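The values are calculated or read from the model by the stated rules, or taken from the named source; none is laboratory data. Since the model is a prediction, treat every value here as computed from it, not as a measurement. Positions of Cβ are backbone-derived with ideal geometry, glycine not excepted, and every protein chain shown enters the neighbour counts. Each accessible area value is taken on the protein alone, full model and side chains, heavy atoms only, with ligands, DNA and RNA left out. Shrake-Rupley method; radii C 1.70, N 1.55, O 1.52, S 1.80 Å.
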Amino acid sequence: MSGTAMVVAIVFISVGFGVLFDMYKKHLEFKEKTLNHNSQHNEQAIAMIKQVQALEERMQVLEKIVTDEGYDVQKEINKL
């Protein structure tokens, strides 16, 4: 192999590895963004679940109040 061919081969190999390295860095950045987005989505989902649980508890209390016999009596007294 001549000296010129060696130089050309070394340049192509260097440029090739540089391009591959940049592609790998972009891939890692994309994965990081995806993971951050998923973690934010999970935090929002957990907050919504807690809110739904709190609303269910409040609804149970309201159902208990409305179905209580004393509530009907109070309602009849207020009508008079």
- Item | Only Lys, Arg (+1) and Asp, Glu (-1) charged, at Cβ; the chain dipole about Cα centre in debye | 540
- Item | Label-point separation in nm, D22 to E56, each point 7 Å along Cα→Cβ | 5.3
- Measuring from the longest principal axis of the C-alpha atoms of the chain, the long axis of helix 69-79 (C-alpha) lies at a number of degrees, nearest 10, equal to 70
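Per residue, how much accessible area does the chain have with a 1.4 Å probe, in Å²?
Working: 7860 Å² over 80 residues.
Accessible surface, normalised per residue, equals 98 Å².
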- Task: For region 40-80 and region 1-31, write down the distance between their C-alpha centroids in whole Å.
- Result: 65
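Full extension from V7 to T34: what is 0.36 nm times the residue separation minus their Cα-Cα distance, to one decimal in nm? Don't skip to the answer; put the middle values down first.
On the way: separation 27, 0.36 × 27 = 9.72 nm, distance 4.07 nm.
Between V7 and T34, full extension yields an extra 5.7 nm.
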- Computed helical MRE - 222 nm, the chain, DSSP H runs ≥ 4 contributing -39500 (n - 2.57), nearest 500: -35000 deg cm²/dmol
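How many percent of the accessible area of the chain is carbon or sulfur, using a 1.4 Å probe?
Values: 5090 of 7860 Å².
Roughly 65 percent of what the probe reaches on the chain is carbon or sulfur.
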- Message: Just the number: Rg to Rh for the chain, Cα atoms, Kirkwood Rh, two decimals.
- Response: 1.75
- Task: Of the options Q74, F17, T4, report the single residue whose Cα projects farthest towards the positive end of the charge dipole of the chain (beta-carbon charges: Lys, Arg +1; Asp, Glu -1).
- Result: T4
